[in-house]
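J.: First the structure, then my questions, so here it is.
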Amino acid sequence: MSIERFNEQIRSAFATLEQRVNGSANGPLHGSRRAAMDAFSKQGIPTIRHEEWKYTNVLPLLAADLKPSTEPAGDSIDASAIGVLPNVDAWRLVLINGFLQPTMSVLPTGPEITIAPITDELLAANGRVSALFGAITPANAHPFVAVNTALTQHAMLIHVHGVLDKPLHVVCVGDARHGDVLHTPRVFVLADPMARATIVESHHTIGDHQSLDVTVVELSAEAQSALRYIKIVNDVDHASHIGSMAAIVARDARATCATIVTGGRLVRNDLAVRLTEPGAEGYLYGVSVLDGTSIADNHTVVDHIAPHCHSEELYKGVYDGKSIGVFNGKIFVREDAQKTTAYQSNHALLLSEGAQINAKPQLEIWADDVKCSHGATTGQLDDDALFYLRARGVSEAEARTLLTHAFAAEVLDHLDDDAVRGHLVALVDEALA
């Protein structure tokens, strides 16, 4: 069966990796890999019988002969084949099949940031990274997180010490030119107190074979820092993405996480934000524009642990053809999290009879002095608005385009970086066209 073959591919790749670590076999990194492999063996592949996966069937993905990438790409890749941010002045960190490509990357060299592969030596020298790496998103939280942790060899540290003067673009490329591939990019972002940074992560596939991108990102926003992390999945129809991102936000710090999905066979995004100290703020935004038979599944968790914290969440989706959208959003307000303000909103626009949306907003409150709300709506374009525009000489096609663009653009208006926002608007407009 496809599940057993996939499990065997993971076990084989792990055995190959274990033969290569040599003297590092007893180090903390490989210890975490072993623990993750055990966690994966216990959890197994989720099916639609699992509540968190009931609307997203991953089994068809496993029908491909996915081979985990255990070494860097052996031949060159044309730089024009990978995604860049046009008209955006940005640093660039390129990962191909999860491995750093120094010759294709353009990294900052100033004292405001450190970018380096995570090694046993780095963990020994940096106690903060050692304490948090692998703990913000533990391997037992998610079977695909376990796969990533067990197989990742080039996890990257982005340590922001000050104010980054321009965005950092993390480009994740799957090389599927020579066969079906599974790759596992891993990124850990640590923002020191008072630090500021915008990071854009994008996903791309080259080649005609199947690709499964299993990415894990961990964020730690220290006191009074501000992290803006924007994720873009605009991939080809034979590529799928299963990503997990988790953030912890300290006192008076702010984390903004935005997810834009405009392409890919199946895209699953798990995002968890924990507000751990008073004054912490979390902002979650997402927009999906899909056609054909694509699937976008967004699972979010905002966990208010400390008092006097604030969160806002706005997700929108535009679905055409036979595409499917899923939104499962949870807000937890713990007993000690008094004076919490938390707002969640999900809206979907269905442009065809074959499109679907499955929405499940959830709110659990154990504190009594809070202001919280959540809700979801699903519908089609407003007939009155269409009539209003057509009465003023706008064609029906153009009127539909204008209204659909306005619906999706509301999410992007919350992003402060003008150049990055302009790129995202153009990307959404292209998808809407």
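J.: Sorting check: for 387-393, 64-70, 181-187, which peptide has the highest mean count of neighbouring beta carbons within 10 Å, and how do the rest follow?
T.: Packing order, densest peptide first, comes out as 181-187, 64-70, 387-393.
J.: First select every other residue whose beta carbon is under 12 angstrom from the beta carbon of Asp65; then total the charges, Lys and Arg +1, Asp and Glu -1.
T.: Combined, the nearby Lys, Arg, Asp and Glu give 0.
J.: Could you tell me which of rounded, prolate or oblate describes region 61-192, using a ≥ b ≥ c as the square roots of the eigenvalues of the alpha-carbon gyration tensor, with rounded for a/c under 1.5 and, failing that, prolate when a/b is larger than b/c and oblate otherwise?
T.: Taking the square roots of the gyration eigenvalues as a ≥ b ≥ c, region 61-192 is oblate.
J.: Then there is this: Tell me, what ³J(HN,Hα) does each residue in region 153-161 have, in order and in whole Hz, if you take phi through Karplus 6.51 cos²θ - 1.76 cosθ + 1.60 with θ = phi - 60° and put x for Gly and Pro?
T.: 10, 10, 5, 10, 9, 10, 10, 8, 9
J.: Also, I was wondering about something else. Using the heavy atoms of the protein chains alone and a 1.4 angstrom probe, what is the accessible area of the chain per residue in square angstrom?
T.: Values: 17920 Å² over 433 residues.
Per-residue value: 41 Å².
J.: If you roll a 1.4 angstrom probe over the protein chains with everything in place, what fraction of the accessible area of region 81-195 belongs to carbon and sulfur, to the nearest %?
T.: Carbon and sulfur: 55 percent of the exposed surface of region 81-195.
J.: Cβ neighbours within 10 Å, averaged per peptide: list 403-415, 278-290 in order, most packed at the top.
T.: Numbers: 403-415: 17.1, 278-290: 23.5.
Answer by packing, highest mean first, reads 278-290, 403-415.
J.: Can you figure out the FRET efficiency of Ala391 with Thr341, using R₀ = 41 Å and their beta-carbon distance, to the nearest 0.05?
T.: Details: r = 41 Å, r/R0 = 1.00.
Using R0 = 41 Å, I get an efficiency of 0.50.
J.: Which one, [x] 74, 50, 45; [y] 104, 80, 38; [z] 67, 52, 43, gives Cα extents along the principal axes in Å as derived from the coordinates shown?
T.: [x]
J.: Next up: Near the amide H of Leu219, under 5 Å away, which other amide H atoms are found, from residues 5 or more places off or on another chain, if H is placed in the peptide plane?
T.: Val189, Ala246, Ala247, Ile248
J.: Measure out, as a whole number of angstrom, how far apart the alpha-carbon centroids of region 240-288 and region 374-404 sit.
T.: Using only Cα atoms to place each centre, the spacing works out to 30 Å.
J.: Let me know the number of lysine pairs in the chain closer than 28 Å at the Cα, not counting same-chain pairs under 8 apart.
T.: Eligible lysine pairs with Cα atoms under 28 Å apart amount to 29.
J.: What is the list of residues in region 391-433 whose amide nitrogen lies under 19 Å from a point 7 angstrom out from the Cα of Val236, following Cα to Cβ?
T.: Zone members listed by number: 431.
J.: Using the Kyte-Doolittle scale, which helices in the chain average at least -1.0 and also have C-alpha atoms spread 20 Å or more along the helix axis, with helices defined as whole DSSP H runs?
T.: 2-20, 28-43, 396-412, 418-432
J.: Using mean Cβ contacts within 10 Å as the protection proxy, how do 193-200, 304-311, 15-22, 114-121 order, highest first?
T.: Order by mean packing, descending: 304-311, 193-200, 114-121, 15-22.
The values are calculated or read from the model by the stated rules, or taken from the named source; none is laboratory data. Quantities reported herein were computed from a predicted structural model and do not represent experimental measurements. Positions of Cβ are generated from backbone atoms using ideal geometry, with glycine treated the same way; all protein chains shown enter the neighbour counts. Please note that ligands, DNA and RNA were not included when accessible areas were found on the heavy atoms of the full protein model with its side chains. Shrake-Rupley method; radii C 1.70, N 1.55, O 1.52, S 1.80 Å.
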